[in-house]
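The values are calculated or read from the model by the stated rules, or taken from the named source; none is laboratory data. Only a predicted model underlies this, so the values are computations on that prediction, with no experimental measurement involved. Neighbour counts are summed over all protein chains in view; Cβ atoms, including those assigned to glycine, are modelled from backbone coordinates with ideal geometry. Just the protein is used for accessible areas: all its heavy atoms, side chains included, with ligands, DNA and RNA removed. Shrake-Rupley method; radii C 1.70, N 1.55, O 1.52, S 1.80 Å.
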Amino acid sequence: MTKLTKRFVEAVEPQSKGHVVWDDEFPGFGLRVYPSGKRSYIVQYRSRGRSRRYTIGLHGVWTPETARREAKALLGQVAHGGDPAEEREEDRKALTIKQLCEQYIADMEAGLILGKGGRPKKDTTIATDVGRIRRHIIPLLGTRRVRDITKPDMNNLMKDIIAGKTRVTMKTEKLRGKAIVRGGRGTAIRTMGLLGGIFSYAVEAGVIEHNPTHGLRKPKYQIRDRRLSEAEYRTLGDILRQAKQSDRYRIHAEILRLITLTGCRRGEIVNLKWSEVDLEGSCLRLVDSKEGSSVRPVGLPVVEYLEMERPHRTGTYVFPGQGIDNAVGNFPQSWKKLFKDTPLWDVTPHVLRHSFASVANDLGFTEITIAALIGHAKGSVTSKYVHTLDSTLIMAADTVSGYVKALLEGVEFRRSTYTLDRKSRQNAINQLLVDALK
């Protein structure tokens, strides 16, 4: 034993087996000499009845003086109940964001991550979530340890996605497929929501104690309030009639027309099965909508269309594809091409759904009735025991779809808003008085 000095450390000879030279002035502080000649400083201590050895670092990076100071600091931690070797081991085993995300993806694909309504996430939702994880979260945070993430880190991540820092064009698994990753505000909001769910998953697993996304101020969603005017409905009718003359676009035009007449979501019509069509009940009994199973009232124009098409369609799907009993494909590409270079270039299936609800509102139906017509959670008819819908809902579906169908066929209605039409107001008062006198 001798005092470890720079001269002594560099002069000590390696042996055939590694050996340790202890400092004679500071018990527990030593120098490990490897057969290769490499030297490192160590500290030996006891914690919870166990003898532990902790490597401070290599000679050259550390000097005897700096290593001695570090050893004193480490033994101070031990005196207060700490265990530096165990803490280092935990650091090495600490989950990274990438590892946590891969665990989350595996559990999500196994149906262990519950989404809306306490149900396992759907395949389409899983695909979207995996895309956000692999294209935004992992590239920006993947190597960071989960327990080191703070709220400022979350704020910076959100700003980076909004600024388009993850913008890239990449190939997908599909033949000639590619994904254009743009980032932006909407992507950032949804990605932060997903990441909040991943951190909640980590809290439940005991990886961390607190969710760093809680209390994060996110930008507001940009509300999509685009709706069709009555003139645009007539333009849409012209576009769909022309498209039906083309073998290439006919079936996609029919899908657009059915979305327009029902207010259904795009996927609900594209993947609609004949087993979900209840013509006698004037409704669609959707097995797996966004809200789970859902009974959707439809108007007489829709019932008549489906009755007319049923004898000519074979297979499971109302709109069959070219494969063996599958749903039609390429719908997104087709409707974009149909509307391109037209006054309706910015119209999407969601706009058609929103427009249907807006027409229902214009016609005086209540919010809860409209919610039932389009399958919103607050008004969705979800019971599997519902066999006969309320006549009010059927009447509402008839009225709205009939009105929209007339617009598509070019009808121009002359309606006045009640509050601006004095004649309508006077007639209403007169009728009230007549009813009261009776």
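Could you give every pair whose Cβ atoms fall below 9 Å, whose first residue belongs to the range 47-76 and is free of Cβ contacts under 8 Å to residues at least 60 places away in the same chain, and whose second residue is assigned to a strand (DSSP E or B) and among the basic types (Lys, Arg), counting only separations of at least 6 or pairs across chains?
ARG52/ARG46; ARG53/ARG32; THR55/ARG32; LEU58/ARG39; HIS59/ARG39; GLY60/ARG39
Taking the range 243-282 on its own, how many of its residues are of a type in the set (Lys, Arg) and farther than 21 Å from VAL400 by Cα?
The number of residues fulfilling the criteria is 4.
Just to be sure, is ASP153 without any contact (Cβ under 8 Å) to a residue 24 or more places away in the chain, surrounded by 13 or more Cβ atoms within 10 Å (Cβ to Cβ) and of a type in the set (D, E, K, R)?
Answer is no for this residue.
Go through the range 6-35 residue by residue and tally those that are within 54 Å of the chain's Cα centre (by Cα) and either acidic (Asp, Glu) or loosely packed, with under 15 Cβ neighbours inside 10 Å (or both).
Count: 1.
For GLY117, indicate whether it is modelled with pLDDT of 90 or more, surrounded by fewer than 18 Cβ atoms within 10 Å (Cβ to Cβ) and assigned to a helix (DSSP H, G or I).
Spelling it out, it is not the case that GLY117 is modelled with pLDDT of 90 or more, surrounded by fewer than 18 Cβ atoms within 10 Å (Cβ to Cβ) and assigned to a helix (DSSP H, G or I).
Which of the residues belonging to the range 251-273 are over 23 Å from the mean Cα position of the chain (by Cα) and under 24 Å from ARG234 (Cβ atoms)?
Passing the criteria: ILE251, HIS252, ALA253, GLU254, ILE255, LEU256, ARG257, LEU258, ILE259, THR260, LEU261, THR262.
Just checking, how many residues over the range 319-349 are free of Cβ contacts under 8 Å to residues at least 60 places away in the same chain, open to solvent by less than 40 Å² (accessible area, probe 1.4 Å) and among the β-branched types (Val, Ile, Thr)?
Total meeting the criteria: 0.
Of all residues in the range 120-133, count the ones that are open to solvent by 20 Å² or more (accessible area, probe 1.4 Å), assigned to a helix (DSSP H, G or I) and in contact (Cβ under 8 Å) with a residue 12 or more places away in the chain.
3
Exactly one condition in (1) at pLDDT below 95; (2) surrounded by fewer than 18 Cβ atoms within 10 Å (Cβ to Cβ) is not met by ASP238; state its number.
(1)
Among the candidates GLU280, GLU304, GLU309, which residue alone is modelled with pLDDT of 90 or more, of a type in the set (Asp, Glu) and in a loop (DSSP other than H, G, I, E, B)? Steps first, answer last, please.
Numbers: GLU304 fails: in a loop (DSSP other than H, G, I, E, B); GLU309 fails: in a loop (DSSP other than H, G, I, E, B).
It is GLU280.
Just to be sure before I move on: is VAL295 open to solvent by less than 20 Å² (accessible area, probe 1.4 Å) and modelled with pLDDT of 95 or more in the structure I sent?
no
Which ones in the range 353-364 are within 19 Å of SER391 (Cβ to Cβ) and surrounded by fewer than 21 Cβ atoms within 10 Å (Cβ to Cβ)?
Scanning the range 353-364 gives LEU363, GLY364.
Name every residue in the range 52-85 that is assigned to a helix (DSSP H, G or I) and open to solvent by 60 Å² or more (accessible area, probe 1.4 Å), in order of residue number.
Scanning the range 52-85 gives GLU65, ARG69, GLU70, LYS72, GLN77, ALA79.
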